[in-house]
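See below for the structure under consideration.
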Amino acid sequence: MIVEPEPLGVINACQALQSALRRRLRRDIVRQAAVQRARLARLKRLSLRFVHVARSDGLGAAYNKAVRKAKNKVRHHLRRWVPLRVFRGPGCAYHQPSEPIDAYDAWRRVNEPSPFRAEALREQVETLPRPASFSILVPVYNTPPALLDAAVASVLAQSYEHWELILADDASTDPALAAYLADGLSLDPRVRLVRRATNGNISAATNTAAEHATGEFFVLLDHDDVLHPEALTHLAIRLDRERDVDLIYTDDDKLGMDGGRFAPQFKPDWSPELLLSFCYTGHLTAVRASLYRQVGGMRLGFEGSQDHDFWLRASERARRIAHIPQMLYHWRVLPGSTAASGHEKPHSFEAGRRAVEEAFGRRGVPCRVEQPDWAVAAGCGVFRPVMPDDGPSVAILIPTRNQKKLLQTLLTSLEKTSYRNYRVYIIDNESDDPETLAYLARIPHTVLHIPNVDGVFNYAAIHNAAVARVQEELLLFLNNDVEVIEPRWLSQMVGWAMLPGVGAVGARLLYQDRRIQHAGIVHGMHEGLAGHAFKLLPWWDGGAMGLARVTRDCLAVTAACMLTPRKLFREMNGFNETDFGVAYNDADYGYRLHDAGRRSVLCAEAELFHYEGATRGFGDNPREEANYRRIHGHRVDPYFSLHHDAQSETFEVKPTVAPVAPVDRPVRVLAVSHNLNWEGASRFELELTTGLKASGHADPIVVSPVDGPLREEYEKAGVAVRIDPSLVCLFGGEAGYAEARRRAVDLIVEQGCQVLHANTLQGFWAVDAAREAGVPSIWSIHESEPWQTYFDQFPTEIARIALDCMPSPYRVVFTARSSAEVWKDMDTRRNFGLVRYALNVERFQAELAGWPREQARAALGLAADEVCVLLLGTVCDRKGQHDLLHAFRTMAADDASRVRCVVVGARDSLDYSRELRRLADGLDADRRGRFHIVDETGATAPYWQAADVFCCTSRVESYPHVVLEALGRGLPIVTTSVYGIPEQVRRGVNALFYEPGDARSLARHLETLARDEPKRRAMAEASSWILRALPSHTDMIVQYARLFRAAAESAAGDGTHARRIDAASRSVDLHLVHGVHANVFRSRTPVSTSVAE
């Protein structure tokens, strides 16, 4: 066979293809190399950021952030191949939520410059009777000129004018810095340069600057850091308000060379024991000049920890110490600085250790001080004392009822205790287990047999009785479900208790898996109650500012392990056994100590396992929760920053503005309600707006596209109402919507509103208009339907706008946690919050008073022995009232004959209402007259007064107002368990649950309550207490008032305002920092200088 040669054209084509493949391969290699280099650079940046976060916020926070980023990256890639519904349920065809931003980035977004805030500060400064003068002390040594220039510029940019800047050059040797100091400083006569003839380090340079200062207060500024433009303004206002303040500090964060800000330190108020752990006060610090001189300024030999040593000494003589919860200082992170890592300057650790050791000695508690191994490894200046094993006598009081195994574990672990002067007392609270009784009979410890009074367990009472039988100097309350871990736990606790002013000392308690159970009690968590700090963090995680691993001050400590002087305990009348027999007695004791000027200390070195709830179980009595709100609900925890999320026990950052405007100035609010009908959400707007108006917190105007009967109620309360249907156009296309939005924007501007409040998801158009007008907004959401489908009722372009509005409000407020959980994917700016819808009890009781129960029942034709089941709410498919009808049909004849059902809220305009009437007409003759359907009305008092049982059949509810009214009326409740309803009631205590549509189960519950009058009475009484255990109407008004005040001063819109600090930091020429000194500084006449020896 003869093989024909390939045609020339084919050969040429193959050669061309080969060449093209080679070119494509080379191009792809080059491109991939660039991509890989970018990836490596990103990996390097992320690694550095991980290290920064680990050092500032703890390894746990860094790990969690890294895991979150990794998950987001994987999700991003998978979304290209896998449908969205795999990740987010059914998904949404027209909206994709963005990835959540960093919590501190979200905080900075709302705290960008605000004209309203700036004006409020300016007005206050203008009215100061005697403005304070500040001397800003800056020690300078071989500072990169660009960074020093940025520091000086931040002083020149201060909105407050009464200052002088003293630069003390500590004999710098850098020619570039010398050139800058000679030719680059500002002409402002308030800027003064002092030259030292010899180098003396930072302490000497600071003292030299102080010698030339004339201000009433000294402000300490490092030579490469940056002040917030309003830093001195905040200091001046606070110092004018509190004239006896000698020391003051603020919050701070870190500033990278790329201009990025990170590692915020939102600090507690003055905490003397925390200062003994580390220099938490940090920056910004201002000190009265006379105090600075009195203590001798900075001590030589403590360089690297000179600020810590100064604070320890100055705080001992200060009349008062104040904290401003504002981010007013930005701490530059440079290679070789302690801001980057304490490893850079190890000598500073020894200086800090000596400073703390001397401070303990001056306080009358001589001890050795060391740096924990974990702090050495992390490169942070944290210290702890090593307390002696001898000291005052301690009575260890251990309550128990049976539980021999737990008690034996504890007593065995106590044997490792190194402290010597203690005695163990077992409080036997009616043990009846033979094994436990035999064990108690043979242990070498004293057993105190203390029974319950009237057969009711009362933790506070049995401990008060036990204290009366012991004589030791110190009392240690210790649960029987704990186990000692560290031998020196008691030595450390006793040592801290010896410090002047300390009233109680607690321990760090861990779960068996070594996650934190207790690291101090925080007031305000769990919606205004008490919670445990840093709960569920790993034992090695320091948490925010490292507070989870250090000894610190807190408002109270748990009595599961609490040390307090016996004499003091008796003076304070012990635990409150009347109001807090079981729960909150330890918190109450700590709060009373605080009111008496004593401090509670969490001793982090004392670690024990706590098998929480093992003895008595869980579950707080609603009476005690109600008492807590009544007695302590007004408190503000000074050791918990308002910039941390009170819903998080791990102190997560919450985007929050700390208002500066006077509290007596009402905020101008435009309140938007979707209608003015007698509906739950519309009534909420009425209650909120009139409450804010009456309390003087707000000057509101109400706007609604739909008129209704609530208009008269607003006008009675003196609130102006405007009805304007033209503000909303949801089905007229994008052009129609835009025109309606323009009218809404004009209205916002016309009314001079500082904040807009939108009520319900239907109010998204108002949020959009506020965003367009540059006005902050608050958006209250009552619905619980999924975000993926809720807006499907509107055209796609309008639905997309609605969901796009979620990031813009200062706060998106939900009334139920369950509703917020449904919408959590949209919380990309961390602006979701929780404020409970509360019943106005006074108004409700006044309405009920107009209808005595006998009169109300007579009006409805109820016999004395009939049980009235009330179901109140708009009769519609979402409310599911047909469940009650079907349940009533299936009830046993004897029970049905004792029951009369009343359904209030029918609208003949709704098909569902008409259908329910038809079904009711079809009931058997013996039941038809016992099932009543009443039209919708605002006059519901007679129905509440006549009722014996309340029934809720809703399919979708967030936090229904009618359930709160049922609690206020004191009724037993039978309800579905949808969304927020279980957050309002207690299963088996005042409520019985059934599944929507399960009419048979509903019928069984109604039969039980119809037969069992004592059960009805017990559940009714519990309802009254449970309402008082929930946040009150006053709580709701106060929380919203705080939100409105904060929102008014927040940065509105999408965060496009200029960041002055970031812009200044980014303008720094990084080549100057690394030694390539280009001539980039402005030419200025040199300032006069003086030379200091």
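Could you work out the relative contact order of the chain? I mean the mean sequence separation of Cα pairs under 8 Å and 6+ apart, divided by the number of residues, in percent.
Details: 2148 pairs, mean separation 131.7, N = 1093.
Computed over the chain, the figure is 12 percent.
Note on the stretch 246-301 and the stretch 693-726: Cα centroid distance 48 Å, given to the nearest whole angstrom.
Show log10 I(q)/I(0) for the stretch 115-335 at q = 0.11, 0.14, 0.15 Å⁻¹, two decimals, from a solvent-free Debye sum over equal Cα scatterers. So the normalised log intensities work out to -0.51, -0.85, -0.99.
Can you tell me the FRET efficiency between residue 43 and residue 706 if r is taken as the Cβ-Cβ distance and R0 is 56 Å, rounded to the nearest 0.05? Write down the numbers at each step before the final one.
Numbers: r = 56 Å, r/R0 = 1.00.
Approximately 0.50, to the nearest 0.05.
In whole angstrom, the stretch 458-515 maps to an equivalent ellipsoid with semi-axes of 22, 18, 10, each derived as √(5λ) from the alpha carbon gyration tensor and ordered largest first. Kirkwood hydrodynamic radius computed over the stretch 667-834 comes to 16.0 Å, based on all pairs of distinct alpha carbons. Taking every alpha-carbon pair under 8 Å whose residues sit at least 6 apart, the stretch 457-611 reaches a relative contact order of 39 percent. Centroid-to-centroid, using Cα positions, the stretch 813-827 and the stretch 387-429 are 46 Å apart. Rounded to the nearest 5, what is the percent of antiparallel bridges among the DSSP beta bridges in the chain? Antiparallel bridges: around 30 percent, rounded to the nearest 5. May I ask you to work out the translational diffusion coefficient for the stretch 387-613 at 25 °C, viscosity 0.890 mPa s, via Stokes-Einstein with Rh from the Kirkwood sum over Cα pairs, reported in whole µm²/s? Calculated translational D: 140 µm²/s.
Less than 5 angstrom separates the built amide H of residue 424 from those of 396, 446, all sequence-distant by 5 or more or on a different chain. Since only 884, 380, 697 are under comparison, the one whose Cα sits farthest along the positive direction of the charge dipole of the chain, derived from C-beta charges on Lys, Arg, Asp and Glu, is 380. Taken along the Cα-to-beta-carbon direction at a fixed 7 Å, the label points for residue 956 and residue 171 span 7.8 nm.
Beta carbons within 10 angstrom, averaged per residue: use that to sort the peptides 560-572, 679-691, highest first.
On the way: 560-572: 19.3, 679-691: 22.4.
So the peptides 560-572, 679-691, ranked by packing, come out 679-691, 560-572.
When only Cα pairs below 8 angstrom with a gap of at least 6 residues are kept, the stretch 228-382 shows a relative contact order of 29 percent. The distance from the alpha carbon centre of the stretch 133-150 to that of the stretch 981-1018 is 71 Å, rounded to a whole number.
Between residue 843 and residue 858, full extension at 0.36 nm per residue minus the direct alpha carbon distance yields a gain of 3.0 nm.
Tell me, what is the Rg over Rh of the stretch 841-1030, with Rh the Kirkwood radius over Cα pairs? With Rg and the Kirkwood Rh in hand, the quotient comes to 0.92.
Once the C-beta distance of residue 919 and residue 269 is scaled by a Förster radius of 56 Å, the resulting FRET efficiency is 0.35 to the nearest 0.05. If you wrap the Cα atoms of the stretch 130-227 in a convex hull and average its projected area over all directions, you get 5.8 nm². Computed from label points 7 Å out along Cα-Cβ, the spacing between residue 435 and residue 886 is 5.0 nm. For a modelled paramagnetic label at residue 423, 7 Å from Cα along Cα-to-Cβ, the residues of the stretch 441-458 in reach, with backbone nitrogen under 15 Å, are 444-449. Taken along its three principal axes, the alpha carbon spread of the stretch 490-637 comes to 38, 35, 30 Å, from the longest extent down to the shortest. Can you list the residues of the stretch 512-540 with backbone N under 15 Å from a point 7 Å past the Cα of residue 416, pointing along Cα to Cβ? The answer is 512-514. Shown here are the Rg and Dmax of the Cα trace of the chain, at 34.0, 120 Å. Taking the Cα centre of the chain as reference, the dipole from Cβ charges on Lys and Arg (+1) and Asp and Glu (-1) amounts to some 2080 debye. Just from its helices, what would the mean residue ellipticity at 222 nm be for the chain, if runs of 4 or more DSSP H residues each count -39500 (n - 2.57) and the sum is divided by every residue, rounded to the nearest 500 deg cm²/dmol? The helix contribution divided over the chain gives -12000 deg cm²/dmol. Within the stretch 927-943, whose backbone N sits under 19 Å from a point 7 Å along Cα→Cβ of residue 908? Within reach of a label on residue 908, which here means backbone N under 19 Å from a point 7 Å along Cα→Cβ, the stretch 927-943 contributes 932-939.
Give, in whole angstrom and from largest to smallest, the semi-axes √(5λ) of the equivalent ellipsoid of the stretch 780-836, with λ running over the eigenvalues of the Cα gyration tensor.
They are 19, 13, 9 Å, listed from largest to smallest.
Extension gain for residue 157-residue 722 works out to 199.0 nm (0.36 nm per residue, less the C-alpha to C-alpha distance). Length gained on full extension, residue 515 to residue 817: 106.3 nm, using 0.36 nm per residue less the C-alpha separation.
For the stretch 274-429, the Kirkwood hydrodynamic radius from C-alpha pairs, put into Stokes-Einstein at 20 °C and a viscosity of 1.002 mPa s, yields a diffusion coefficient of 113 µm² per second.
With R₀ fixed at 25 Å, the C-beta to C-beta distance from residue 772 to residue 824 puts the FRET efficiency at about 0.40.
Listing 917, 969 from fewest to most neighbouring C-beta atoms within 10 Å gives 917, 969. Projecting label points 7 angstrom from Cα along Cα→Cβ for residue 257 and residue 454 puts them 7.2 nm apart. With 32 Å as the limit on Cα-Cα distance, the pairs of 535/824; 654/1015; 267/824; 405/824; 267/416; 879/1015 that go past it are 654/1015; 405/824; 267/416.
Work out the charge dipole of the stretch 753-875 with +1 on the Cβ of Lys and Arg and -1 on the Cβ of Asp and Glu about the Cα centre, then indicate which of 766, 793, 753 is farthest towards its positive end. Projecting each Cα onto the dipole axis, the largest value belongs to 753.
Read-outs: derived from the displayed coordinates by stated rules, not from any lab. Nothing here was measured: the structure is a model prediction, and the numbers come from that model. A quick note on method: Cβ atoms are made from the backbone with ideal geometry, for glycine too, and the neighbour counts reach across all protein chains shown.
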